[in-house]
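Working notes, structure below.
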Amino acid sequence: MNGKYHIHTYGCQMNVHESEKIAGLLSSRGFSSCDEVSEADVIVMNTCCVRETAETKVLGHLGRIKSQKKKGAVLIVCGCMTQQKAVAEMLFKRCPFVDIILGTFNQRSVIEYIDTFLATGKRIVDIWDGDRDTNEVSCAVRDDNINAWVNIMYGCNNFCTYCIVPYVRGRERSRPIDEIVAEVNGLLDKGYKQITLLGQNVNSYDCGGKNFIDLLKILDCGREYRLKFMTSHPKDFSVELAEEIANSKVLSHNLHLPVQAGSNSVLKAMNRHYTREQYLDKIKAVRDAVPDIGLSSDVMVGFPTETEEDFIETLDLVEKVKYNNLFMFIYSRRSGTPADKMPQIDYKTKQERISRLIKTQFEISKNIALSFVGCELTVLTSEQKNGVFYGKAQNELAVSFTGEAAVGQFTKVKITSAKNANLTGEVVR
Ligand code: SAH
Ligand code: SF4
Ligand code: F3S
């Protein structure tokens, strides 16, 4: 088989990497990638449904693809959004120009589905339940040649009351440790400088008697690279993990520890299994162990029942922790989740709260950036444009700099100025 494929991905890093696997499968069958939908023989839309906006975007995009796709091209929609059976069936009925609809558990069988569709000409909608999975794919075609995503586990058992992920990604499954280590070593042999381990809750990695910290120790193998992981659940984040970040020669000094909210009653209603006090204690423990740690988080406003006082506690927590990076969301109702049935907050209040949160974080980011002026940071360079290099420091702050450097290398950079959250510097000779 030959021809061209075009993949469009929505959602998180997990989905980005799933698309790299789908690209690998299509490539191993002789397809090559193309940037334009209108040139593609196979078009894949890998979807997300974490918030309503993600779904709205997919639907809008499908409308455009309908007019762009060439005659005979096969259009496949897969991923989290279509793993919801009702959504898959709605798409099948309403979008006759979509040829194949798959979910998250069977999307890696995409080649077999294309073959069947081409042989029969019959449109396919096939959504599996979460108790079956297709095999791991070893032939991913990665988009980036500096950072590589590596899955260590799939699924989630936490059932935060707002979240759809456990319903569309199934229960936690950890990958065998040998398989992960072999993949990481293979990537380092190819020249990758950064590996990011992926899982909805990496702390619950558990396979063949080995836990997440065992895995991190094995991956601290004497080779020069930066190791990152996401996401860590605060309820499972331990002092041992903080110590491992301090002791490891490869782990990056940054931690994404999504707090979601700063009020205990909201955290309880979210089913997060920690209090603000416990969260703040963990932040203190990691700062004690790793003084230069860069922290980041996800925060949601407008969760059902969130009062003005609850929201002020969130603002207060954000001001106390001082995150380098904060991902801020307005709560979005997800059908089938417990929070969807709770009393909702009006849209205007949500809007007003997110604006206040964004303003608060903007000041924090600005001050953090200013505090780095005059410091030296180790930057992994990912891009060069018009003589300026761009990359991330070990604490995940974005840095642009000039001087003698190369993309894909670690460079010591002295920070000379800061504007908003952006740091500018020069290579240290
Ligand atoms: N497993 C990860 C990532 C989950 S999805 C974790 O637990 O952190 C990424 C983020 O999306 C979440 O941290 C949360 O802040 C946000 N999110 C999830 N469901 C949402 C919803 N219904 N509305 C708004 N934001 C949501
Ligand atoms: Fe969703 Fe919570 Fe699982 Fe994260 S831990 S994926 S927020 S249910
Ligand atoms: Fe990721 Fe969206 Fe699915 S955030 S796990 S692609 S619902």
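Among what's in the stretch 282-307 and is assigned to a strand (DSSP E or B) and aliphatic (A, V, I, L, M), pick the residue that is most open to solvent (accessible area, probe 1.4 Å).
For the stretch 282-307, the residue satisfying everything is MET300.
Please go through the stretch 249-289 and pick out each residue that is over 25 Å from THR307 (Cβ atoms) and away from ligand 2 (no atom under 16 Å from the Cβ).
LYS249, VAL250, LEU251, SER252, HIS253, ASN254, LYS284, ALA285, VAL286, ARG287, ASP288, ALA289
Has the stretch 146-165 got any residue that is in a helix (DSSP H, G or I), within 16 Å of ligand 3 (Cβ to nearest atom) and open to solvent by 20 Å² or more (accessible area, probe 1.4 Å)? If you could, list the steps in order and put the result at the bottom.
Restricting attention to the stretch 146-165, the residues satisfying the condition of being in a helix (DSSP H, G or I) are 165.
Narrowing the set further to residues that are within 16 Å of ligand 3 (Cβ to nearest atom) leaves 165.
From what is left, the residues that are open to solvent by 20 Å² or more (accessible area, probe 1.4 Å) are 165.
Yes, the stretch 146-165 has at least one match.
Just one of (1) in a helix (DSSP H, G or I); (2) surrounded by 20 or more Cβ atoms within 10 Å (Cβ to Cβ); (3) among the polar types (S, T, N, Q) trips up GLN278, so point out which.
Of (1) in a helix (DSSP H, G or I); (2) surrounded by 20 or more Cβ atoms within 10 Å (Cβ to Cβ); (3) among the polar types (S, T, N, Q), only one is false for GLN278: (2).
So, VAL165, is that one among the aliphatic types (A, V, I, L, M) and within 16 Å of ligand 1 (Cβ to nearest atom) or not?
Values: among the aliphatic types (A, V, I, L, M): yes; within 16 Å of ligand 1 (Cβ to nearest atom): yes.
Yes, satisfied.
At least 3 residues that are farther than 24 Å from ASP144 by Cα and within 23 Å of the chain's Cα centre (by Cα) in each: list the strands (runs of 3 or more DSSP E) lying fully within the stretch 315-429 that qualify. Let's see the steps before the verdict.
Working: elements: 325-330, 376-385, 388-393, 398-402, 410-419, 422-427.
Here the list reads 325-330.
Suppose we keep only residues that are among the hydroxyl-bearing types (Ser, Thr, Tyr) and surrounded by fewer than 18 Cβ atoms within 10 Å (Cβ to Cβ) within the stretch 38-77. Which one would you say is nearest to ligand 2 (Cβ to nearest atom)? Break it down stepwise before answering.
Just the residues of the stretch 38-77 that are among the hydroxyl-bearing types (Ser, Thr, Tyr), to begin with: 38, 47, 53, 56, 67.
Okay, now just the ones that are also surrounded by fewer than 18 Cβ atoms within 10 Å (Cβ to Cβ), so 38, 53, 56, 67.
Values: SER38: 36, THR53: 17, THR56: 20, SER67: 35 Å.
Selected residue: THR53.
The values are calculated or read from the model by the stated rules, or taken from the named source; none is laboratory data. Just so we're clear, the structure is a prediction, and the values are computed from it rather than from any experiment. We place every Cβ from the backbone using ideal geometry, glycine too, and count neighbours over all the protein chains shown. Heavy atoms of the whole protein, side chains included, go into the accessibility calculation; ligands, DNA and RNA do not. Shrake-Rupley method; radii C 1.70, N 1.55, O 1.52, S 1.80 Å.
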